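J.: One structure, pasted below without further comment.
Here, each number is a calculation from the coordinates, and none is a lab measurement. Keep in mind it's a predicted model, so treat the numbers as computed, not measured. Cβ placement follows ideal geometry from the backbone for every residue including glycine, while neighbour counts extend to all protein chains displayed.
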Amino acid sequence: MNKIEEKFNKFSYMVMKEADAKKNELISQAEKESTEAVAEKEILFLKKAYSRIHESLVKIEKEHNEEVSKAILASKQALFNRREEILQQVFSNVRKELEAFKSNEEYKSYMIKTILQAFEQIGQGEILIYADSDDIPLIEEIRTKSGTIFELLESEEQLVGGCIICNKSKGLLYDYSFINGLDAERASFLENYGLSID
């Protein structure tokens, strides 16, 4: 019986050894599958986390850009308003200076010189002069003293001084009004004095 026992023990040992090997293999495979499953879940969670972080960054950048845009727009509006205040103040002062100029003798000399030079430039023909109502007596006096013939009308728009001279026959018009000069200066003022807004 010893031999049977010995064979049985050997057989038992081999079965146990094989069972132990199978057990270790199953445990190893289970650990591997578990590790792979955990790794896949980690990658999935990391991808989701990355996606959320990326979305959050995009949202934050968009909000930041909107705030910056609003601030730039607000500062440009404030700059535009201040520029308009400066323009109004400067050209209001210029207009006052022109009104003061109109009330002294130099203005009369200026008008005589301007009208006589304009007649030389505009030539012969049917001449028409437009002026502000307060300048009409002065221009009538110039017409009388110079002996020139022209039609004189009150301008529909305020000229602030000076006049507009037309040669209807030749289709020529010369604008010597102060308002024309003011408008031209106002248009170039922003560029000339560095007040343009980009």
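J.: With r as the distance between the Cβ atoms of E6 and E36 and R0 = 45 Å, compute the FRET efficiency 1/(1 + (r/R0)^6) and round to 0.05.
T.: In this case the efficiency is close to 0.55.
J.: Another question, if that's okay. Let me check I've understood the local charge: for K168, count other residues with C-beta under 15 angstrom from its C-beta, Lys and Arg +1, Asp and Glu -1. What total comes out?
T.: Residues near K168 contribute -1 overall.
J.: In nm, what is the difference between 0.36 nm times the number of residues separating Q121 and L152 and their Cα-Cα distance?
T.: Roughly 9.3 nm would be gained on extension.
J.: Using DSSP, restrict attention to beta bridges with both residues in the chain and report what percent are antiparallel, rounded to the nearest 5.
T.: In the chain, DSSP labels about 65 percent of beta bridges as antiparallel.
J.: Continuing with this model, one more query. What relative contact order, as a whole-number percentage, does the chain give when Cα pairs under 8 Å and 6 or more residues apart are counted?
T.: Computed over the chain, the figure is 16 percent.
J.: Rounded to the nearest 5, what is the percent of antiparallel bridges among the DSSP beta bridges in region 127-198?
T.: In region 127-198, DSSP labels about 65 percent of beta bridges as antiparallel.
J.: Here's another thing I want to ask about it. Tell me, what is the percent relative contact order of region 104-192, built from C-alpha pairs under 8 Å that lie six or more residues apart?
T.: RCO, region 104-192: 29 percent.
J.: Give me Y176, Y130, Y107 sorted ascending by neighbouring Cβ count inside 10 Å, so fewest comes first.
T.: In increasing order of surrounding Cβ atoms, one gets Y107, Y176, Y130.
J.: Would you list D135, D175, D20 from fewest to most Cβ contacts within 10 Å?
T.: Sorted ascending by nearby Cβ count, the order is D20, D175, D135.
J.: Lysines within cross-link reach of K10: Cα-Cα under 30 Å, excluding same-chain residues under 8 positions apart?
T.: K22, K23
J.: Put a dot 7 Å past each Cα toward the Cβ at E84 and E61; how far apart are the dots in nm?
T.: Inter-label distance under the simple model: 3.7 nm.
J.: Continuing with the same structure: Is the shape of region 137-182 rounded, prolate or oblate, going by the alpha carbon gyration tensor and its root eigenvalues a ≥ b ≥ c, with a/c under 1.5 for rounded and a/b larger than b/c for prolate?
T.: Because a/c hits 1.5 or more and a/b fails to exceed b/c, region 137-182 counts as oblate.
J.: Any chance you could get the radius of gyration and Dmax over the Cα atoms of region 104-192, in Å?
T.: Considering region 104-192 through its Cα atoms, Rg and Dmax are 13.5, 44 Å.
J.: Is the shape of the chain rounded, prolate or oblate, going by the alpha carbon gyration tensor and its root eigenvalues a ≥ b ≥ c, with a/c under 1.5 for rounded and a/b larger than b/c for prolate?
T.: prolate
J.: Under the Kirkwood approximation for Rh and a Cα-based Rg, what ratio Rg/Rh is obtained for region 1-103?
T.: 1.91
J.: State the extension gain, in nm to one decimal, for the chain segment bounded by R52 and E140, taking 0.36 nm per residue of separation less the distance between their alpha-carbons.
T.: Answer, rounded to one decimal: 23.2 nm.
J.: Taking K and R as +1 and D and E as -1, what net charge do the other residues with C-beta under 13 Å from the C-beta of R143 add up to?
T.: Taking every other residue near R143 into account, the sum is -3.
J.: Counting only other residues whose beta carbon sits under 12 Å from that of Q29, what net charge do I get with K and R as +1, D and E as -1?
T.: Residues near Q29 contribute -1 overall.
J.: Still on this model: Are there any GluC sites (Glu not before Pro) in region 151-191 that are in a DSSP loop and have at most 15 other Cβ atoms within 10 Å? List them by number.
T.: E156, E157
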